[in-house]
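Novice: First, the structure itself, so that you have it in front of you.
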Amino acid sequence: MTFSSLGLHETLVAAMAQQGYAQPTPVQSAAVPPAVAGRDVLVCAQTGSGKTAAFALAVLQRCKPASSAGFRHPQALVLVPTRELAVQVGGVLSGLARVAGLPVRVSVVFGGVSINPQLMALRGGTDVVVATTGRLLDIVAHNALDLGRVETLVLDEADRMLDLGFAEELERVLAMVPAQRQSLLFSATYSAAVRRLAEARLRDPVEVTIDTGMQAAPDIMQRAVTVDPSRRTQLLRHLVQQEQWPRVLVFVATKYAAEMVADKLRRAGLQAEPFHAQLSQGKRGQVLADFKASDVQVVVATDVAARGVDIAGLPVVVNFDLPRAAADYIHRIGRTGRAGLRGMAVSFVTAENAAHFALIEKRHALEVVRETVAGFEPEVALPTVSRDQAAGGVKGRRPSKKDKLRAAGLLPPLA
Ligand code: AMP
């Protein structure tokens, strides 16, 4: 398959070649032709599979050149869940437009920074907007954007965008874009409920599913190291040094843990930085830039870094704390093993989370061998829960005291 066989303009074909992409990835081959033809497309494909370029190509191809006199109203709107992803996706779109020599203006809007420069940048109008929903609504409230002429709507990380956390803002944005539009939805995972929501919003969609099972990510070596919870930081430090990890992205459950673990690693002599939603946007950008430039060796992050963030050649991801939602396991480990490179994902399994890890394995049809690291063998024996015995697990909700009492048989079960 070649880029020219996807129905793309010569300029875009040449631009992809110029950017070093010899041929389309499977998701590009499957999703670009219907998207270019104006169909709605629902894509379920592994993170790192080239999804961004897939919708960028379709959006740019479908952008009509602005009449020289008229004010430009956005023809395409790309919604993303995080600020970092907004910057990254905006960069892919504007880079591709520039290399292809297309006179398409791409604007990126996201919160956490002053709104004024973004308002100023929109004064001359724009063709494509990449946005996080909250800031987009603010900008519309300032009358700086009119979404009434959007022809193509892209939801990147669509399962997240359709999830409850974003539902209200998304509804408000959707009410502003024409009902007659093209919708392109991209994600690595879709829960059944989100899939139903997505399908209800699409018109006769073309569904593209590119192997999303973890077996389809042979480039990521998955490991599960058993350890006592209190020794995880030491174990992490040991592994970084012993296995000579040049860079590692470590996921923890809370902002507090991100600060604390990064601080401990720093005191142990590693270049480590926390990354979470409470840091200023400037600081978040700086940490990512330093990490990409290998000036920081360890980034300790909450799930705000789990989606979409593209750190070229990241060799290792560690689940210091396991993700609460099984789907986030895929998003997290998908930060490594990208673009054909090999990667490694190491999960710390403790007595408390052993059953949850078995559940993650079950959800993704995985079987990850438990290993111990000499000197860090757990003192507390781990419960042996096979993936087939694993059950339960409620996304986004920890068991309450009552749940635990109920599980211990000290309270009557729920009716
Ligand atoms: P994404 O799935 O959009 O996060 O993209 C993952 C990575 O794939 C990015 O680093 C892109 O630069 C890279 N990529 C996109 N398209 C291609 C292609 N056709 N061939 C090789 N790599 C690609």
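Novice: Considering only residues that are part of a loop (DSSP other than H, G, I, E, B), at pLDDT below 80 and open to solvent by less than 60 Å² (accessible area, probe 1.4 Å), look in the range 203-223 and name the one that is farthest from residue 152 (Cα to Cα). Steps first, please.
Specialist: First pass over the range 203-223, keeping only residues part of a loop (DSSP other than H, G, I, E, B): 203-205, 211-213, 217-219.
Adding the requirement that they be at pLDDT below 80 leaves 211-213, 217-219.
Adding the requirement that they be open to solvent by less than 60 Å² (accessible area, probe 1.4 Å) leaves 212-213, 217, 219.
Details: 212: 25, 213: 29, 217: 30, 219: 33 Å.
Across the range 203-223, the extreme among qualifying residues is 219.
Novice: Just give me the residues in the range 17-69 being within 12 Å of the ligand (Cβ to nearest atom), under 24 Å from the mean Cα position of the chain (by Cα) and open to solvent by 20 Å² or more (accessible area, probe 1.4 Å), in sequence order.
Specialist: First, the residues of the range 17-69 that are within 12 Å of the ligand (Cβ to nearest atom): 17, 19-29, 31-32, 43, 45-57.
Then drop every residue that is not under 24 Å from the mean Cα position of the chain (by Cα), which leaves 19-21, 23-29, 31-32, 43, 45-57.
Listed by number, the residues that qualify are 19, 20, 21, 23, 25, 26, 29, 46, 48, 49, 50, 52.
Novice: How many of the residues making up the range 342-357 are open to solvent by less than 10 Å² (accessible area, probe 1.4 Å) and among the small types (Gly, Ala, Ser)? Give the steps one after another, and end with the answer.
Specialist: Step one: of the range 342-357, the residues open to solvent by less than 10 Å² (accessible area, probe 1.4 Å) are 343, 345-350, 354, 357.
The next check asks that each one be among the small types (Gly, Ala, Ser); those that pass are 343, 345, 347, 354.
Selection size over the range 342-357: 4.
Novice: So, in the range 76-109, of the ones that are open to solvent by 30 Å² or more (accessible area, probe 1.4 Å) and within 22 Å of residue 172 (Cβ to Cβ), which residue ends up modelled with the highest pLDDT?
Specialist: 108
Novice: What is the residue count in the range 157-176 for residues that are farther than 13 Å from residue 198 by Cβ, open to solvent by less than 20 Å² (accessible area, probe 1.4 Å) and not in a helix (DSSP H, G or I)?
Specialist: 0
Novice: Could you list, in sequence order, the residues of the range 264-284 that are in a strand (DSSP E or B) and of a type outside the set (A, V, I, L, M)?
Specialist: Filtering the range 264-284 down to residues in a strand (DSSP E or B) leaves 272-275.
Scanning the range 264-284 gives 273, 274, 275.
Each row is one residue, and each column tells you yes or no for (1) modelled with pLDDT of 90 or more; (2) closer than 20 Å to residue 35 by Cα.
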{"site": "171", "(1), (2)": "no, no"}
{"site": "174", "(1), (2)": "yes, yes"}
{"site": "178", "(1), (2)": "yes, yes"}
{"site": "185", "(1), (2)": "yes, yes"}
{"site": "188", "(1), (2)": "no, yes"}
{"site": "193", "(1), (2)": "no, no"}
{"site": "196", "(1), (2)": "no, no"}
{"site": "201", "(1), (2)": "no, yes"}
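Novice: If you take the residues of the range 332-377 that are within 21 Å of residue 303 (Cα to Cα) and within 16 Å of the ligand (Cβ to nearest atom), which of them is modelled with the lowest pLDDT?
Specialist: 338
Novice: Which of the following residues is in a helix (DSSP H, G or I), in contact with a Phe, Trp or Tyr (Cβ under 6 Å, 6 or more places away or on another chain), of a type outside the set (Asp, Glu) and open to solvent by less than 30 Å² (accessible area, probe 1.4 Å): 299, 287, 261, 250?
Specialist: On the way: 299 fails: in a helix (DSSP H, G or I); 261 fails: in contact with a Phe, Trp or Tyr (Cβ under 6 Å, 6 or more places away or on another chain); 250 fails: in a helix (DSSP H, G or I).
From the options 299, 287, 261, 250, the qualifying one is 287.
The values are calculated or read from the model by the stated rules, or taken from the named source; none is laboratory data. The model shown is predicted, which means the values in this text are computed figures rather than measured ones. Every residue, glycine as well, gets a Cβ built from its backbone with ideal geometry; the counts of neighbours run over all protein chains shown. The area values use the complete protein model at the heavy-atom level, side chains included, leaving out ligands, DNA and RNA. Shrake-Rupley method; radii C 1.70, N 1.55, O 1.52, S 1.80 Å.
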